[in-house]
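Structure first, then comments.
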Amino acid sequence: MGEPLTCIGFESTAHTFGIGVVKYPPFQIICDVRRTYRPVSGGIHPSEAAKHHVDKALEALVETVSKFDVKQVDVVAFARGPGLGPCLRIGAALARMLSLKLEKPLVGVNHAASHINIARALTRAVNPVVLYVSGGNTQVLHASGGRYVILGETEDISVGNLIDVFARKAGLGFPGGPRVMELASKSSRLVKLPYSVKGMNVSFSGMLTMLESLVGKEPVEDLCFSIQETAFSMLIEVSERAMAMLGVNEFIIAGGVGANSRLRQMAGEMCRERNTVFKDYPVEYYADNGVMIAWEGIIQYMLGEKLAVEDSTVKPRWRITDVKPPPTGMYEN
Amino acid sequence: MSSPLPQGCTRIRTLYQGAEAIVDLCEWMGMKVVVKTRIPKGYRVKELDESIRKSRTVREASILSSAKKAGVETPFVYHVNPVENWIIMSYVEGESLRSLQYSSAFPSLVRKLGSIIGMLHSAGIVHGDLTPANVIVSGERLVLIDFGLGEYSNEVEKKAEDIYTLVSSLASLPNYEALVNLFLEGYRSSARESPRVEERLREISMRGRYVERELRRRLASP
């Protein structure tokens with residue numbers, strides 16, 4: 001085990017601008033600063049979100065510096081993709097600047113891999129099936145043979161998108177998740193919605209179309225309850241199928257939709273019934289943050305990844321299958 | 001975990017336990033039968049869980065029979081219970097096609113499977129989980145089993161996905177290209193819409209959702 005490494009990470013893929021600092025080994029979170037953009041109306045406007053990040057970046061950096069001496073930084077990481085181009089460029093620009101100023105290596109990391117690996121670090125899950133669910137993503141994944149394998153995914157829109165678009169149509173604002181969860185807890189009446197599982201894939205577009213036609217006709221609490229029950233059952237079903245197929249006995253959820261307590265409750269129940277373990281962790285780390293970027297920065301740096309500033313353009317459509325997972329044993333410290 | 005069996009059934013052994021169903025080999029009315037039971041899922045609200053298990057049980061039994069009408073060999077459905085969600089069907093003696101993948105008969109069996117899938121698709125049925133493990137070689141006959149993910153569909157996309165699942169599962173074999181060609185040859189001999197399905201198959205292989213680059217390349221080259 002070598003000298004401990006300290007990495008500062010910049011997250012700016014979508015609505016959150018985050019700066020995090022992680023030290024390893026042993027895994028230690030040093031600093032976690034976040035600023036979140038809330039659209040006045042509608043969903044995320046990429047250029048407005050980027051403007052928010054520019055406006056808040058200095059403030060967030062000052063807060064970080066007040067908590068931690070940046071001279072201790074060994075590696076500078078940023079979320080290189082996937083995400084919204086205008087937003088990604090803000091974090092990237094700051095990371096390049098800091099890397100040049102401190103004369104420390106620059107690492108561009110994958111946002112999805114970062115979600116998965118912060119979950120693994122916080123739960124010490126060794127070989128889990130991962131359900132990655134966020135505003136833009138819905139995938140069931142597993143790391144094996146030195147790469148990420150996508151076992152199943154949505155054939156159209158993500159579950160986060162389903163919830164956000166419904167919430168907008170129902171006048172609940174953005175992001176929709178917290179409001180939908182709150183209203184769902186007030187109902188136990190199931191409105192029948194399309195349940196679309198195809199092998200290990202899911203599809204939500206039919207459910208969204210139907211929901212749009214039901215807004216105003218059915219009580220909004222009942223619709224919120226029914227979305228959660230139907231959509232989350234689909235996600236847990238494909239996750240269970242993946243666990244059964246691989247013979248894996250650990251399950252984690254990564255990404256912002258994991259903040260929904262009903263989804264995590266279902267995950268726990270599914271695992272309990274098949275004598276496996278759902279590994280949960282503090283809810284604030286399901287959301288986008290800089291800490292996960294810093295941690296993934298350490299992983300990728302240890303795997304030998306480094307970027308020259310001139311080659312560090314962002315990758316808005318970067319697929320996780322092109323990224324290396326951490327070596328086994330990484331989470332034993 | 002074991003499921004309660006239908007009355008009059010005695011379990012010989014459990015053949016398979018998947019995420020959604022348990023498949024038992026049983027004795028029933030003096031015969032060897034297979035009992036497939038869809039188990040309740042505690043994470044789903046009861047109302048949703050029961051409706052999903054019921055509709056899938058009924059659909060699977062219906063597809064097993066419809067496939068037979070189309071000339072595709074499947075187990076006989078003896079009994080269906082859409083409340084307890086089990087199906088009693090005939091037990092097919094034989095070996096799985098998967099266990100024969102290194103035998104000399106395998107290529108001709110793959111061609112034959114192609115023509116069977118062509119008949120199935122022409123009848124508007126897709127299997128949904130088409131792998132050699134779900135094909136039983138029983139003497140001269142090939143019998144398709146496990147229609148748990150099957151559907152009634154005439155969509156070119158779904159038919160192409162069926163074939164894609166099968167060719168993906170053959171990808172590790174040394175004579176992979178020849179096997180795919182044999183399968184397609186058989187498929188063409190009986191499928192109504194073969195050119196459109198094959199065109200879509202090439203498209204799917206380029207999407208690369210699950211596949212490795214190598215497999216994508218091999219499928220894409222004519």
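Brief remarks follow.
- Members of the stretch A:152-179 that are surrounded by fewer than 22 Cβ atoms within 10 Å (Cβ to Cβ), within 14 Å of chain B (Cβ to nearest Cβ) and within 18 Å of the chain's Cα centre (by Cα): A:Glu153
- Number of residues in the stretch A:207-227 that are within 14 Å of chain B (Cβ to nearest Cβ) and farther than 16 Å from A:Ser187 by Cα: the value is 1.
- Residue within the stretch A:110-122 that is in a strand (DSSP E or B) and within 22 Å of the chain's Cα centre (by Cα) present: yes
- Residue within the stretch B:110-126 that is outside the structural domain of B:Leu182 (by TED's automatic domain parsing) and at positive phi present: no
- Members of the stretch A:73-109 that are at pLDDT below 95 and either part of a strand (DSSP E or B) or in contact with a strand residue (DSSP E or B) (Cβ under 7 Å, 6 or more places away or on another chain) (or both): A:Gly81
- Residue count, the stretch A:127-151 (criterion: within 14 Å of the chain's Cα centre (by Cα) and within 14 Å of chain B (Cβ to nearest Cβ)): 6
- Some residue of the stretch A:73-80 being crowded, with 16+ Cβ neighbours inside 10 Å, closer than 16 Å to A:Ser114 by Cα and among the β-branched types (Val, Ile, Thr): yes
- Set A:Gly268, A:Gly255, A:Gly247: member being assigned by TED's automatic domain parsing to the domain that holds A:Val191 and modelled with pLDDT under 95: A:Gly247
- Residues in the stretch B:149-168 that are in contact with a helix residue (DSSP H, G or I) (Cβ under 6 Å, 6 or more places away or on another chain) and either closer than 18 Å to B:Arg111 by Cα or crowded, with 21+ Cβ neighbours inside 10 Å (or both): B:Gly150, B:Lys159, B:Ala160, B:Ile163, B:Tyr164, B:Val167.
- Number of residues in the stretch A:183-197 that are surrounded by fewer than 16 Cβ atoms within 10 Å (Cβ to Cβ) and within 9 Å of another protein chain (Cβ to nearest Cβ) equals 2.
- Checked against the criterion of being crowded, with 19+ Cβ neighbours inside 10 Å, within 30 Å of B:Leu179 (Cβ to Cβ) and of a type in the set (Ser, Thr, Tyr), the candidates B:Thr74, B:Thr37, B:Thr57 yield just one match: B:Thr74.
- Against the test of being within 25 Å of A:His15 (Cα to Cα), surrounded by 21 or more Cβ atoms within 10 Å (Cβ to Cβ) and either free of Cβ contacts under 8 Å to residues at least 12 places away in the same chain or in contact with a helix residue (DSSP H, G or I) (Cβ under 6 Å, 6 or more places away or on another chain) (or both), the options A:Ile236, A:Ile252, A:Ile227 yield a single qualifying residue, A:Ile252.
- Within the stretch A:228-282, the set of residues being of a type in the set (Asp, Glu) and either more than 13 Å from every other protein chain (Cβ to nearest Cβ) or closer than 19 Å to A:Glu155 by Cα (or both) comprises A:Glu237, A:Glu240, A:Glu250, A:Asp280.
- Pairs, first in contact (Cβ under 8 Å) with a residue 60 or more places away in the chain in the stretch A:311-333, second crowded, with 19+ Cβ neighbours inside 10 Å and among the polar types (S, T, N, Q), C-beta under 7 Å, six or more apart: A:Trp318/A:Asn110; A:Ile320/A:Asn110; A:Val323/A:Asn110; A:Pro326/A:Asn117
- Checked against the criterion of being surrounded by fewer than 17 Cβ atoms within 10 Å (Cβ to Cβ) and within 14 Å of another protein chain (Cβ to nearest Cβ), the stretch A:118-126 has no qualifying residue.
- Within the stretch A:123-148, tally of residues that are assigned to a strand (DSSP E or B) and either within 27 Å of A:Ser205 (Cα to Cα) or of a type in the set (A, V, I, L, M) (or both): 12
- Among residues of the stretch B:15-50, those that are modelled with pLDDT under 95 and among the polar types (S, T, N, Q), counted: 1
- Residue ranges of helices (runs of 4 or more DSSP H) in the stretch B:136-222 with at least 1 members under 27 Å from B:Val80 (Cβ atoms) and modelled with pLDDT of 90 or more: B:156-170
The values are calculated or read from the model by the stated rules, or taken from the named source; none is laboratory data. Just so you know, these numbers come straight off a predicted model, no measurement behind them. Glycine also receives a Cβ, built like all others from the backbone with ideal geometry; neighbour counts cover every protein chain displayed.
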